[in-house]
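Reading through the C-alpha cells given below for one structure.
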Amino acid sequence: MAEVVGAYFTSHVPSIGGAIHRGAQDDPYWKPFFDGFPRVHEWLAEMKPDVAVTFSNDHGLNFFLDKMPTFAVGAAEEYHNADEGWGLPVYTSMKGHPALSWHVIEQLVADEFDPVTCQEMLVDHALSIPFELAWPGADQWPVRVVPIGINTVQHPLPSARRCLALGRSVHRALQSWQGAERIVIIGTGGLSHQLDGERAGFMNREYDTFCMDKLAAEPDALTRDSIHEIVRQAGTQGVEVLNWIAARGALGPSAREIHRNYHIPISNTAGATMLLEPA
Amino acid sequence: MTIAAMIGKPGKPIPGTTLFDGEAARKGYALNAMCYSFNEAANRQAFLADEEGYCARYRLTPGQRRAVAERDVLGMIAAGGNIYYLAKLAGIFGLNVQDVGAMQTGMSVAAFKQMLLDQA
C-alpha cells in the first residue's frame, strides 16, 4: 500500500531562486529563511518519499487568461520549467506519474470535482523553487510528481472550503492507490504578501500565525473566511494560502506539526516553511 | 499607515487593492496578452527594439499604451493589468517587485524596502 509520509509547505517567492543562484543563503538578509531548511532536509532523508503530490498556482507560464482552469491536474510523463521572463535559471525537469495522476483524476470526478486534465504542463517557480529548497543541488529530483494547480490569479477563486474538500478527495485517491509509493504532499506559496496596488508591501503576521497554528489540528478553521476576507487579511497574493489548505486536506484527517519557520520579509513576502506528519 | 487601516473592515472594499476579476480580465486582456508574450526572450528584444510597434501589434487600448509609455504601474492595473503578467514587463527593464512596490506606493525604493524590513 502506498503511504502518505507527510506534508511540506513553503513559500515560493522567485527571489529565493535568485538567492540560491547567487549562493546567498548565509547572507544576513536570507539566513533566517534558509535556516528553516536543514530540518526539512533531515526529514526528507528520513522519510525517503518517491512521489510528490503538489498544490500550487501558475503565474502566467503554463496558463494564460485565454483558458484559466479553477483546478488543473497534470497527467504528463514529464514536466518542464521554462523562461518566465525575469532572469531565473531554467530549472530541472520533473518526472511525472501519469498512472497515479489519472487515479487522482478518477477520484476527483467521482467526488464531483471537475478538473482540467493536462498531458502537457509547464511548471513554474511555484514548484521549482520548493524543489530546489528541499533537494538543493540535485541533478535529478528524487520524486515523481502529480502537480495540481489552483487558480489564485483571476477571481472568482475557489473558496477555501472547496480547496480543503479538493485536498480531501485527493487523500481518498491516495488511500485507494495500490502501489508501494511513499508520497509527500507539497503545498506552496504565501504566506501574506501583496505585490499590487497602493497596498503593495502589505504583510500580516497575526493572520499568518493563525493559519500556521490551525493548519495541523483545525484546518476547517482556515475555511471560515470568504476569498474577499482572505485577501483582506493575507494580501492579493497571500491568497496562495489556498494551496496550503488543499495540501493539508490531502495529508489526511489528522496531523501534527513537526517543524515551523517564519520570517518577515523575504522580498515582499512573509516567508514560511512547515512540516506536518499524519497523526 | 497602521496595519489596522491597511486591513480595513470586513465586508468593505479592501484599502489600496483591486481584485483581478472578470471585469478586469476583460478590460486588461490585450495588455496581459502582450506581457504574457514576454516569457520569450525574442519577444522581450522585439519590445525593446520597437515599443510602439510591439504595443500596436497587441492592440493595446490608448489607456494601456499611455500607462506602459509612462511606466505607470497603477495606471496599468486600472487598465486591467494583472501583476503576475506586468512583472514580466517590469523584468524587461530590470525592475523587481520592490521597485514596482515603490512605484505604486510613491515611496523611494530604499523607503519601500525599509517599510518591508520594519514589519519584521
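Values in this text are rule-based calculations from the coordinates and carry no lab data. All values derive from a computational prediction rather than experimental measurement. Positions of Cβ are generated from backbone atoms using ideal geometry, with glycine treated the same way; all protein chains shown enter the neighbour counts.
Among the DSSP beta bridges whose two residues both lie in chain A, what percent are antiparallel, rounded to the nearest 5? Walk me through the numbers on the way to the answer.
Details: 19 of 41 bridges.
Among the beta bridges of chain A, antiparallel pairing accounts for roughly 45 percent.
Can you tell me the relative contact order of chain A? Whole percent, Cα pairs under 8 Å, sequence separation 6 or more.
Here the relative contact order equals 31 percent.
Taking chain A, how many lysine pairs are there with alpha carbons less than 27 Å apart, if each pair must be eight or more places apart or span two chains?
For chain A, qualifying lysine pairs total 5.
Over the Cα atoms of the protein assembly as shown, what is the Rg over Rh ratio if Rh follows Kirkwood? Spell out each step's value before the answer.
Details: Rg = 20.0 Å, Rh = 21.1 Å.
Rg/Rh: 0.95.
Could you give log10 I(q)/I(0) at q = 0.10, 0.19, 0.23 Å⁻¹ for chain B, computed by the Debye formula over C-alpha point scatterers of equal weight, without solvent?
At q = 0.10, 0.19, 0.23 Å⁻¹ the computed log10 ratios are -0.35, -1.06, -1.34.
For chain B, what is the relative contact order in percent, using Cα pairs closer than 8 Å and at least 6 residues apart in sequence?
24
So for each of A:188-198, A:57-67 I average, over its residues, the number of other beta carbons within 10 Å; can you give me the resulting order with the highest mean first?
A:188-198, A:57-67
Give me the base-10 log of I(q)/I(0) for the range A:163-279 at each q in 0.09, 0.17, 0.23 Å⁻¹, Debye formula, one uniform scatterer per Cα, rounded to two decimals.
Ignoring solvent entirely, the Cα scatterers give -0.25, -0.80, -1.30.
What does the average come to when, for each residue of peptide A:84-91, you count the partner chain Cβ atoms lying within 10 Å of its Cβ?
Average per residue, whole number: 5.
Let me confirm the definition first: pairs of Lys residues in chain B, 8 or more apart or on different chains, C-alpha distance under 27 Å. How many are there?
Working: B:K9/B:K113; B:K12/B:K27; B:K27/B:K88; B:K88/B:K113.
Within chain B, the lysine pair count is 4.
Using unit Cβ charges (K, R positive; D, E negative) and no other charged atoms, how large, in debye to the nearest 20, is the dipole of chain B about its Cα centre?
With Lys and Arg at +1 and Asp and Glu at -1, about 260 debye.
How would you order A:93-102, A:140-149, B:71-80 from highest to lowest mean count of nearby Cβ atoms within 10 Å? Spell out each step's value before the answer.
Details: A:93-102: 18.9, A:140-149: 22.4, B:71-80: 20.4.
Packing order, densest peptide first, comes out as A:140-149, B:71-80, A:93-102.
Using only atoms on other chains, find how many Cβ atoms lie within 10 Å of each Cβ of peptide A:152-159 and report the average. Display every interim value, and only then the final one.
Details: counts 1, 6, 9, 7, 3, 3, 0, 0.
Mean shielding count: 4.
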